[in-house]
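Participant: This is the structure I want to talk about, given as structure tokens.
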Amino acid sequence: MDRTSVNDDELIDLIYASLLGEASWQQFLDRLSEGLPDGASTLFFHDAHKNVGGISLSTGFSEEALADYGAHYASVNPMMKGATTRPLGLGVLAEQMYARDKLVKSEYYGDFMRANGLESAVGVTIYRENGCSFVLSTLTSSADLEINRPAADRLSRLAPHLQRAFRHYRAGPFQKAVTEIGGSLFDAIDVGLVLVGSGMQVKTASATGERMLADGTAIGTSPLGALTLRSSEATSLLRTMLETGFEGQTVQSLFIGPFKLTFILVQKDRISTYFEGPTAIVLVEPPHAGSRAVDFEHLARAYKLTAAEMRAMTGIVLGRSIDEIAADAGLSRETIRTQLKNVYGKTGATGQADLVRLAARASNISSMRQ
């Protein structure tokens, strides 16, 4: 491939086409990689506080290599110290991050780079928050600075457009969708909904959630707009769930006095998680929440759901675990799982967020008919 044929305008067009859904980020990385010999481009993150990282999207690496990087090599990559402190948007050579005579003696070079036929790299830090850096890098089989330097300069020119991508995703359509859901479904049963992102920053809240934030009994906001919880245990749990790369339970509940809080980590694809950052739904249920039932009859009729299936769906929508639903119904966990499987099959939903949206629509239709 003639590397001179890869130009800035084409790559910039691919960035915006990816944002609009007319192309994919994989196409962008594939094309970017063609600008260097045996190029292998990655969008990855590195947490300087915990010295861990992971590759969210890549071209030129096997799945095994990606897994190895996240499991071990991210922690021994000697270039990461420089990547976490360099100016945002500045494309650099690997040699500017770590002297080559030291790099070639490192475990990272010997066991990871050389094992994948790579000699050097160029990279740019696009975004940084709470000690976590988000980086675009292209590794290459070339150690020739005259070949690699133009590729580093290209990353500097692409950086402003990639930073716009971050801003777009972080104020994206999911946030608006959750606001609509909260206004129609959760407000109807006096359950507060708050959407939070990295650093526990409040992104949006339902009307009931806003009232609870202002009241401050169980939840509140800091002067800088971060969610505050009246429990150190709850605060620690939510902060952990919002860490980049978290792999624990995605739905967890606990109590702050008489208030039940449910944290739901929003499940997204790799690229959305990379750009948007971790996002969690916080449901705040006061002692008598749910006494005003939402009318699900329209939903049950539309999808031919049985009473048992509706009970299982309602529990999941309200953030309850399968074990909690089973205990309330006096049934086994396996029975509830079967009922939920039937719900997903009948509705075409693929996860909890889809079920919440369906319930919200049913609530809206019901209220319009009254």
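The values are calculated or read from the model by the stated rules, or taken from the named source; none is laboratory data. All figures in this text were calculated on a predicted structure; none of them were measured in a lab. Cβ sites come from the backbone with ideal geometry, for glycine too, and all protein chains shown count toward neighbours. Only protein heavy atoms, including side chains, enter the accessible area calculation; ligands, DNA and RNA are left aside. Shrake-Rupley method; radii C 1.70, N 1.55, O 1.52, S 1.80 Å.
Participant: For segment 253-264, what does the Karplus curve 6.51 cos²θ - 1.76 cosθ + 1.60, with θ = phi - 60°, yield as ³J(HN,Hα) per residue in whole Hz, taken in order and with x for Gly and Pro?
Facilitator: Result, rounded to whole Hz: 10, 7, 10, 10, x, x, 8, 9, 10, 10, 9, 10.
Participant: Can I ask one more? For residue 201, list long-range residues whose amide hydrogen, built 1.01 Å from N in the peptide plane, is under 5 Å from its own amide hydrogen.
Facilitator: Amide H neighbours of residue 201, under 5 Å, 5+ apart: 227.
Participant: At 222 nm, what value in deg cm²/dmol follows for the chain if DSSP H runs of at least 4 each add -39500 (n - 2.57) and the sum is divided by all its residues, to the nearest 500?
Facilitator: Rounded to the nearest 500, it is -12500 deg cm²/dmol.
Participant: What size of dipole, in debye to the nearest 20, comes out for the chain about its Cα centre when the only charges are +1 on Lys and Arg C-beta atoms and -1 on Asp and Glu C-beta atoms? Write out the running numbers ahead of the final one.
Facilitator: Values: 36 positive and 41 negative charges, 205 e Å.
For the chain, the charge dipole is close to 980 debye.
Participant: Highest first, please rank the peptides 301-309, 93-101 by the mean number of other Cβ atoms sitting within 10 Å of their residues. List each step's numbers first, then the result.
Facilitator: Details: 301-309: 14.6, 93-101: 16.7.
Descending packing order for the listed peptides: 93-101, 301-309.
Participant: Please compute the per residue accessible area over the chain with all protein chains in place, 1.4 Å probe, rounded to a whole number of Å². Don't jump to the answer; show the numbers that get you there.
Facilitator: Working: 17040 Å² over 370 residues.
Solvent-accessible surface per residue comes out at 46 Å².
Participant: Suppose every Lys and Arg Cβ carries +1 and every Asp and Glu Cβ carries -1, with no other charges. What dipole size does segment 1-125 come out with about its Cα centre, to the nearest 20 debye? Write out the running numbers ahead of the final one.
Facilitator: Values: 9 positive and 18 negative charges, 136 e Å.
Once rounded to the nearest 20, the dipole reads 660 debye.
Participant: Karplus couplings for segment 105-122 from phi (6.51 cos²θ - 1.76 cosθ + 1.60, θ = phi - 60°), rounded to Hz, Gly and Pro as x?
Facilitator: 9, 7, 4, 4, 5, x, 9, 10, 5, 5, 5, 9, x, 10, 10, 8, 7, 10
Participant: Would you mind checking the pairs 304/341; 81/105; 50/105; 260/341 and listing those with alpha carbons more than 21 angstrom apart? Display every interim value, and only then the final one.
Facilitator: On the way: 304/341 14 Å; 81/105 17 Å; 50/105 24 Å; 260/341 26 Å.
With Cα atoms farther than 21 Å apart: 50/105; 260/341.
Participant: May I ask you to evaluate 6.51 cos²θ - 1.76 cosθ + 1.60, the Karplus curve with θ = phi - 60°, for each residue of segment 88-101 and list the ³J(HN,Hα) values in order in whole Hz, giving x for glycine and proline?
Facilitator: So the Karplus estimates, Gly and Pro as x, are 5, x, 9, x, 9, 8, 4, 5, 7, 8, 7, 4, 5, 5 Hz.
Participant: Considering the options 202, 43, 131, tell which one lies farthest towards the positive end of the dipole of the chain, charges being +1 on Lys and Arg and -1 on Asp and Glu at the Cβ, about the Cα centre.
Facilitator: Value: 202.
Participant: Using a 1.4 Å probe and counting only protein heavy atoms, arrange 30, 111 so the residue with the most accessible area comes first.
Facilitator: Working: 30 60, 111 85 Å².
From most accessible down to least: 111, 30.
Participant: Which of 264, 329, 120 sits farthest toward the positive end of the charge dipole of the chain, with +1 on the Cβ of Lys and Arg and -1 on the Cβ of Asp and Glu?
Facilitator: The residue sitting farthest along the positive end of the dipole is 329.
Participant: Counting only residues 5 or more places away or on other chains, whose amide H sits under 5 Å from the amide H of residue 119 once H atoms are built in the peptide plane?
Facilitator: Under 5 Å from the amide H of residue 119 lie the amide H atoms of 140, 141, 142, each far enough along the sequence or on another chain.
Participant: Out of the total accessible area of the chain (probe 1.4 Å, heavy atoms of protein only), what percent is carbon and sulfur?
Facilitator: Working: 8790 of 17040 Å².
Using a 1.4 Å probe with all protein chains present, the chain comes out at 52 percent carbon and sulfur.
Participant: Here's another thing I want to ask about it. Using the per-residue mean of other Cβ atoms lying within 10 Å as a proxy for protection, in what order, highest first, do the peptides 228-239, 155-166, 272-283 fall? Write down the numbers at each step before the final one.
Facilitator: Details: 228-239: 15.9, 155-166: 17.5, 272-283: 22.0.
My ranking of the peptides, most packed first, is 272-283, 155-166, 228-239.
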